[in-house]
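The values are calculated or read from the model by the stated rules, or taken from the named source; none is laboratory data. Remember, it's a predicted structure, so these values are computed and weren't measured experimentally. Positions of Cβ are generated from backbone atoms using ideal geometry, with glycine treated the same way; all protein chains shown enter the neighbour counts.
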Amino acid sequence: MSLIRDDGVVLRAQKLGEADRIITLLTRQHGKVRAVARGVRKTKSKFGARLEPFSHVDVQFFSRGSELISRSLPLCTQVETIAPYGGSIVTDYGRYTAGTAMLETAERFAENEGEPAVQQYLLLIGALRTLAAGAHESHLVLDAFLLRSLAVNGYGASFTDCAKCGLDGPNRFFSLQAGGVLCADCRVPGCAVPSPETLVLLGALLSGDWRTADSCEPRYWREGSGLVAAYLQWHLERGIRSMRYVEK
Ligand SMILES: [Zn+2]
C-alpha cells in the first residue's frame, strides 16, 4: 500500500454509484491517472468542487499496490486547488468548447495510463492558463495547442521549409502525409494549396508568435483551423469528437 502525491489537470469526472466519481487526470509525473473520489457528489463535499474538469490540482492518491496502476483504482484522499481554470472557462461558450477539445486531445495523446507525458502535461497547463486569461481568440489558443501537441508526440509540421528535401521556404503545397509543406519538386498528388498568409499563421501558432497570429484576417484563421483539424485527424485513429462544437 502506498501514498502517492502529484499535481494534475482534471480531464474528466464520471459518476460512480450514488455519491462517488471516477476522476481522470493528466498528472505531471504519472501521465494519465484514473482514481476514485469518494463522497464527492454529496453537497457538503470539499472535494467535489475541486475535482471538476479544467482544474489544476495537487492530489494525494492512496493505492493498494506500489504503483498507481493496479487492479483496483487508487483513491483520491486529499485535493488542493492550484488553479481553478474551470471558473472562467465554463462560463464562456467559445472558451468552453475550445477547452473541452484540449482536454480530449490531451487524453488521447496520453493514452497509456501511468506513462509519463510531461511535455503534453506542460502544454495543457500553459494552454488552459492562456485560455482562461482570455487574451487571445479561443480557437487560436486551441489550434496552437493542437499543433504543439502533435509536435511533442512526434508529428511536428513544417510550414516554411520543404518537409521532404528541406528546401528553404516559403513553399506552397501542403501534404498531410508528408507532415507539412512541399516544394514544387517534391509535391505529391492531393496536396492542398493554402494561402501564404495561412501558412505564416500556422507557423506563428506553432512557435508562439501571438502578435502575428492575433493580427491575421479571420478568413486565414478559418483556413488554418481546417488544416490543423485535418492534420490532427490524420494522426489520430479516431477524430476528436468535441472539435465539431468549436466556433470558428
Ligand atoms: Zn522538396
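Among the residues of the range 133-145 satisfying the criterion of being buried (at least 21 other Cβ atoms within 10 Å of the Cβ) and of a type in the set (Gly, Ala, Ser), which is farthest from the ligand (Cβ to nearest atom)? My answer is Ser138. Assuming Thr91 fulfils every condition listed in (1) farther than 17 Å from Ser55 by Cα; (2) assigned to a loop (DSSP other than H, G, I, E, B) apart from one, which condition is it? Every condition holds for Thr91 apart from (1). Where residues in the range 146-180 are among the charged types (D, E, K, R) and within 14 Å of the ligand (Cβ to nearest atom), which of them is farthest from the chain's Cα centre (by Cα)? If we take residues in the range 146-180 being among the charged types (D, E, K, R) and within 14 Å of the ligand (Cβ to nearest atom), then Asp168 is farthest from the chain's Cα centre (by Cα). Screening Ala49, Ala83 for residues that are touching a Leu at 6+ places or on another chain (Cβ under 9 Å) and surrounded by fewer than 17 Cβ atoms within 10 Å (Cβ to Cβ) leaves exactly one candidate, Ala83. Within the range 167-199, the set of residues being closer than 22 Å to Arg219 by Cα, surrounded by fewer than 20 Cβ atoms within 10 Å (Cβ to Cβ) and among the hydrophobic types (A, V, I, L, M, F, W, C) comprises Leu176, Cys191, Ala192, Val193. Among the residues of the range 190-208, is any in contact with a strand residue (DSSP E or B) (Cβ under 8 Å, 6 or more places away or on another chain), within 14 Å of the ligand (Cβ to nearest atom) and over 22 Å from Phe109 (Cα atoms)? Checking the range 190-208: at least one residue is in contact with a strand residue (DSSP E or B) (Cβ under 8 Å, 6 or more places away or on another chain), within 14 Å of the ligand (Cβ to nearest atom) and over 22 Å from Phe109 (Cα atoms). Sub-6 Å Cβ pairs linking a first residue in the range 20-35 that is part of a strand (DSSP E or B) to a second residue that is among the acidic types (Asp, Glu) and at pLDDT 95 or above, at least 6 apart or interchain, are Thr27/Asp6, ordered by first then second residue. For the range 97-121, a tally of residues being surrounded by fewer than 21 Cβ atoms within 10 Å (Cβ to Cβ) and either without any contact (Cβ under 8 Å) to a residue 24 or more places away in the chain or among the hydroxyl-bearing types (Ser, Thr, Tyr) (or both) returns 1.
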